[in-house]
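So the structure is just underneath, and the comments pick up after that.
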Amino acid sequence: MTFYQHILLAVDFSEESGHIKLKAAEMANKFAAKLSIIHVLDNIPMPDMNYGTIIPLDYETEHALLEIEKNQLNHVGEELNVPENQRWLIWGNPKDEICGLAEKESVDLIIVGSHGRHGLALLLGSTANDVLHHAPCDVLAVRLPK
Ligand code: AMP
């Protein structure tokens, strides 16, 4: 049996995220693994930043949407007991940043939802599909209840 040591949960804050969060918590618990979380900012304009910019969670901003995403990520972090230095908010393309972080942080399991904000009409959501094809490690695509 494979024992995962570092699990990365990718969250998009869609309504379905609750189910995926529970699964990630269970997996981390089962394997006594380190759990990190990532949210990639892909839906708000950030013209002054390069793709791949990590936004520190104590970064003061008047950008209302960025504040909302920061708070949502912190909320998930608190719920799952993820330490602040394992909560990642990154500006960029979800597939690139999720797979890039997994590589950089020696993640051995990425958890995504089978569908999220981009993929409700598809068999497998677009981000889920991209991550499955490019991840440097195992990927668990959690099937969401209909
Ligand atoms: P999608 O394929 O875009 O429908 O989303 C499927 C899953 O990919 C979601 O349930 C999340 O786990 C992950 N995901 C999608 N977009 C993002 C994002 N911007 N940041 C982090 N994870 C994401």
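Annotations
- Members of the stretch 8-24 that are more than 7 Å from the ligand (Cβ to nearest atom) and in a loop (DSSP other than H, G, I, E, B): F13, E15
- Candidates M27, M46 - the one that is more than 10 Å from the ligand (Cβ to nearest atom), within 17 Å of A141 (Cβ to Cβ) and either assigned to a strand (DSSP E or B) or open to solvent by less than 80 Å² (accessible area, probe 1.4 Å) (or both): M27
- Residue pairs meeting the criteria (Cβ under 7 Å; at least 6 apart or on separate chains; first at pLDDT 90 or above, in the stretch 124-138; second among the aromatic types (F, W, Y)): none
- In the stretch 54-78, the residues that are in a helix (DSSP H, G or I) and farther than 20 Å from V107 by Cβ: A64, L65, L66, E67, I68, E69, K70, N71, Q72, N74, H75, E78
- Taken over the stretch 49-60, residues that are out of contact with any strand residue (DSSP E or B) (no Cβ under 8 Å at 6 or more places or on another chain) and surrounded by 10 or more Cβ atoms within 10 Å (Cβ to Cβ) amount to 1.
- Scanning the stretch 61-83 for residues being over 18 Å from G100 (Cβ atoms) and open to solvent by less than 30 Å² (accessible area, probe 1.4 Å) gives a total of 6.
- Number of the exception - L35 against (1) open to solvent by 10 Å² or more (accessible area, probe 1.4 Å); (2) aliphatic (A, V, I, L, M); (3) farther than 21 Å from T127 by Cα: (3)
- Condition met for L132 (under 17 Å from L9 (Cα atoms), more than 9 Å from the ligand (Cβ to nearest atom), in contact with a strand residue (DSSP E or B) (Cβ under 7 Å, 6 or more places away or on another chain) and in a helix (DSSP H, G or I)): yes
- Subset of the stretch 88-106 [surrounded by fewer than 17 Cβ atoms within 10 Å (Cβ to Cβ) and without any contact (Cβ under 8 Å) to a residue 40 or more places away in the chain]: E103, K104
The values are calculated or read from the model by the stated rules, or taken from the named source; none is laboratory data. Every value quoted in this text rests on a predicted model; they were computed, and no experiment measured them. We place every Cβ from the backbone using ideal geometry, glycine too, and count neighbours over all the protein chains shown. Only protein heavy atoms, including side chains, enter the accessible area calculation; ligands, DNA and RNA are left aside. Shrake-Rupley method; radii C 1.70, N 1.55, O 1.52, S 1.80 Å.
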